[in-house]
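Written out below as structure tokens is the structure these notes cover.
The values are calculated or read from the model by the stated rules, or taken from the named source; none is laboratory data. Quantities reported herein were computed from a predicted structural model and do not represent experimental measurements. Reconstructed Cβ throughout: ideal geometry from the backbone, glycine too, with neighbour counts over all protein chains shown.
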């Protein structure tokens, strides 16, 4: 009797072949097979002894592919909405443009999960339950991502980008100097 491990190794060729037909790209197919193996290992407790391993692995690969396609569509929609929002806004004054660029960079520097959660809840106005459903995560995970994302943006705001630069005295070592300087302001 062959071990499950050797059966899985024998399935790598058909898995890769199926992945190539789905992705139409060798490198993406390899990534898909890798992600499939990871998902299969994580889900192996759900595998019943009488399950056809080949069918199960092909199903896992297909589901991983579909999940990735959905994620890409959500990201594309988010990008489209951001482009639309930036196009609809009246161009602000130079200082406003600089500020908007700084905020955008801070938002873009957040991890993808936090950006997606913040976008759905704050920009799209979705309820927590709806946003969690869109992202396919529990509501507690969504709230955690929102909290971390908001904290990171607050830290960005408090760290370098307060509206005015505070005067810093050399005899006060605790205070940090701002990296920005107000030019032509008070």
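Please indicate, with yes or no, whether at least one residue in the stretch 154-162 is modelled with pLDDT under 50, more than 29 Å from residue 80 (Cβ to Cβ), out of contact with any strand residue (DSSP E or B) (no Cβ under 6 Å at 6 or more places or on another chain) and part of a loop (DSSP other than H, G, I, E, B). Yes, that holds for at least one residue. I'd like the residue in the stretch 80-98 that is under 22 Å from residue 112 (Cα atoms) and surrounded by 11 or more Cβ atoms within 10 Å (Cβ to Cβ) and, out of all such residues, is modelled with the lowest pLDDT. Ranking the qualifying residues of the stretch 80-98, first place goes to 86. Scanning the stretch 57-65 turns up one or more residues that are free of Cβ contacts under 8 Å to residues at least 12 places away in the same chain, within 24 Å of residue 135 (Cα to Cα) and either exposed (fewer than 15 other Cβ atoms within 10 Å of the Cβ) or under 21 Å from the mean Cα position of the chain (by Cα) (or both).
Assessment of the stretch 20-41 against the conditions (assigned to a helix (DSSP H, G or I) and touching a residue at least 40 places away in the same chain (Cβ under 8 Å)) yields at least one matching residue. Somewhere in the stretch 30-53, is a residue more than 26 Å from residue 136 (Cβ to Cβ) and either modelled with pLDDT of 90 or more or in the same structural domain as residue 134 (by TED's automatic domain parsing) (or both)? The answer is no, given that none of the residues of the stretch 30-53 is more than 26 Å from residue 136 (Cβ to Cβ) and either modelled with pLDDT of 90 or more or in the same structural domain as residue 134 (by TED's automatic domain parsing) (or both). Does residue 20 fit the bill of being surrounded by 11 or more Cβ atoms within 10 Å (Cβ to Cβ), within 28 Å of residue 119 (Cα to Cα), out of contact with any strand residue (DSSP E or B) (no Cβ under 8 Å at 6 or more places or on another chain) and at pLDDT 85 or above? In short, no.
Residue by residue through the stretch 129-151, note down the ones that are under 20 Å from residue 70 (Cβ atoms) and in a helix (DSSP H, G or I). Break it down stepwise before answering.
Of the residues in the stretch 129-151, the ones under 20 Å from residue 70 (Cβ atoms) are 129-139, 141-142, 145.
Those that are under 20 Å from residue 70 (Cβ atoms) and in a helix (DSSP H, G or I): 129, 130, 131, 132, 133, 134, 135, 139, 141, 142, 145.
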